[in-house]
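Have a look at the structure below, then the notes.
The values are calculated or read from the model by the stated rules, or taken from the named source; none is laboratory data. It should be emphasised that the depicted structure is a prediction, and the values quoted were computed from it without experimental measurement. So basically every Cβ, Gly included, is an ideal-geometry build from the backbone, and we count neighbours across all protein chains shown.
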Amino acid sequence: MSSSRQSIDINSHRRQPILLDTNVLITDAMNDDTVATITSSRGHAIKVSSWISQPPAISYLSFHCHYSSHPKYNNFDELDAIIVGAEGSFILLTALASPRGSERYDYLMYKLHGYGGYGYNGESSSSLEQVPLPHVYPLPVIEEFGIVPNGGKHFDLAALVVDYRSPMKCSYSMHIYSSKDTNWRVIPMVDPYPEVRKVIATKVITIAEGVLGWVDLDHGVMVCDLREDVPGLRYVPLPAPLPQNWYRLKEFLPGTFAKSFRDLVCVDGVMSFVEMEHRVIVTTEKPSDPSKMQVLYDTDLIVSYNLKDLDKKPQQLQRKDGWRIVSWSRPVSSNCWEKGCEVDAVDISGLSPNLAENLASPTLGVDDGDVVYMRSNASLGKGKIVAIDLRRKKVKAIGPYSFENHDPFSLKAFSTCLLPPDDSRKRPKYK
């Protein structure tokens, strides 16, 4: 399998940003330089490999599971896998590791080839490790886990869960897994602001070593320092929605729709937040003007005098009239947000009107809070990723993005993460 994808320079000694597609590609075509294998909980052979590219190109994982004992199920339609966490060289995915009908999912930790670690035999290699589910209680459905590297091949997982059965003061619980002892533990967490809506996290950000933020793009972030003996929660409210987005947030389920026009990252201890607002022009439909007609037929007049039609209110017509992006930032320890950039689409150098009209899903870069990546709508299976420098008001780069194997309407098309600097001398030949 070959491609013209531009690869990351992994010999660099600075952390490398990538745009990671959270939809895993189901295929038996693997990147031989980064492939890792494991046997699933039900004895099926699993392969995972990575395809890493320089933004704005998309990086992704490929996944395949061979049901050796179920040959009739050996087809791609029976496979499913998504990424539910990424930090540094660690990428967590959940995969359907048994035939359809059993609906048993495995959690798998993939450690990326050549980034900050070596295989067990001393050579640089990718690895795949199964994360066991808790034995004493069912693990709630988690959209995204926080990942804390814990030295070498080890890591911790953390998930903040709303606990509706607990007393009001302890309405959250923190579920933590350690790869060192392969155990789960649950810590009840006190809600710092019980009068505020619960944080239903759709994203987890790394703020500092061992400090994570659970992001509900509707309204706020719960910050937790997992290094503390008794971890606690701190609530950070997000900026209020822009006028056209107020009612849009209320009409949809928490967090699901906000991802299409809001994003938040943390770079060097500073939170960066961005929101996109489409301008909408509302006009009222005007009654028809009979003076523009040369002949008035009785049948048309009788219809126009219909009592039901007379009671109808004029129809409200809406049309989009461009968009703007507003950014805000703050140190995590601050008590306020400071406005950054306010950029209108028409002022962005290198952005054509046709392309601007179809852009959505702003995603902030984790190496630079002033760069936002936006996805164009799919057209015949093809789309684009556009990198925009908000401060300089110009297009930084444009890359292709194929929707052929992914849902073009997914609100969570990709997320950003930083790969650690690579210390190995071998440079993989990414395909």
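Values as computed for the structure displayed
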read-out: Inter-residue pairs, beta-carbon under 9 Å, first in contact (Cβ under 8 Å) with a residue 12 or more places away in the chain and charged (D, E, K, R) and in the range 339-367, second assigned to a helix (DSSP H, G or I) and surrounded by 14 or more Cβ atoms within 10 Å (Cβ to Cβ), 6+ apart; value: E357/A345
read-out: Those residues of the range 163-177 which are of a type outside the set (D, E, K, R) and surrounded by 16 or more Cβ atoms within 10 Å (Cβ to Cβ), in sequence order; value: S171, Y172, S173, M174, H175, I176, Y177
read-out: Residue in the range 151-174 that is of a type in the set (V, I, T) and at pLDDT 95 or above present; value: no
read-out: Pairs with Cβ under 8 Å, 6+ apart, first in the range 319-335 and in contact (Cβ under 8 Å) with a residue 24 or more places away in the chain and in a loop (DSSP other than H, G, I, E, B), second buried (at least 17 other Cβ atoms within 10 Å of the Cβ) and among the small types (G, A, S); value: V332/G213
read-out: The range 42-70, residues that are surrounded by fewer than 19 Cβ atoms within 10 Å (Cβ to Cβ) and among the aliphatic types (A, V, I, L, M); value: A45
read-out: Subset of the range 54-73 (residues that are aromatic (F, W, Y) and either outside any loop (DSSP other than H, G, I, E, B) or modelled with pLDDT under 50 (or both)); value: Y60, F63, Y73
read-out: Residue check, T39 more than 20 Å from L157 (Cα to Cα), modelled with pLDDT of 85 or more, surrounded by fewer than 16 Cβ atoms within 10 Å (Cβ to Cβ) and in contact with a His (Cβ under 9 Å, 6 or more places away or on another chain); value: no
read-out: Positions within the range 332-363 being more than 15 Å from K394 (Cα to Cα) and among the hydrophobic types (A, V, I, L, M, F, W, C), in sequence order; value: V332, C336, W337, A360
read-out: I187 vs. criteria part of a strand (DSSP E or B) and more than 20 Å from P331 (Cα to Cα); value: yes
read-out: Among the candidates V199, V211, residue that is closer than 26 Å to G88 by Cα and crowded, with 22+ Cβ neighbours inside 10 Å; value: V199
read-out: Count of residues meeting criterion [more than 22 Å from the chain's Cα centre (by Cα) and either at pLDDT 95 or above or among the aliphatic types (A, V, I, L, M) (or both)] in the range 207-231; value: 3
read-out: Criterion violated by D181 - all others in (1) of a type outside the set (A, V, I, L, M, F, W, C); (2) modelled with pLDDT of 90 or more; (3) under 20 Å from G220 (Cβ atoms) satisfied; value: (3)
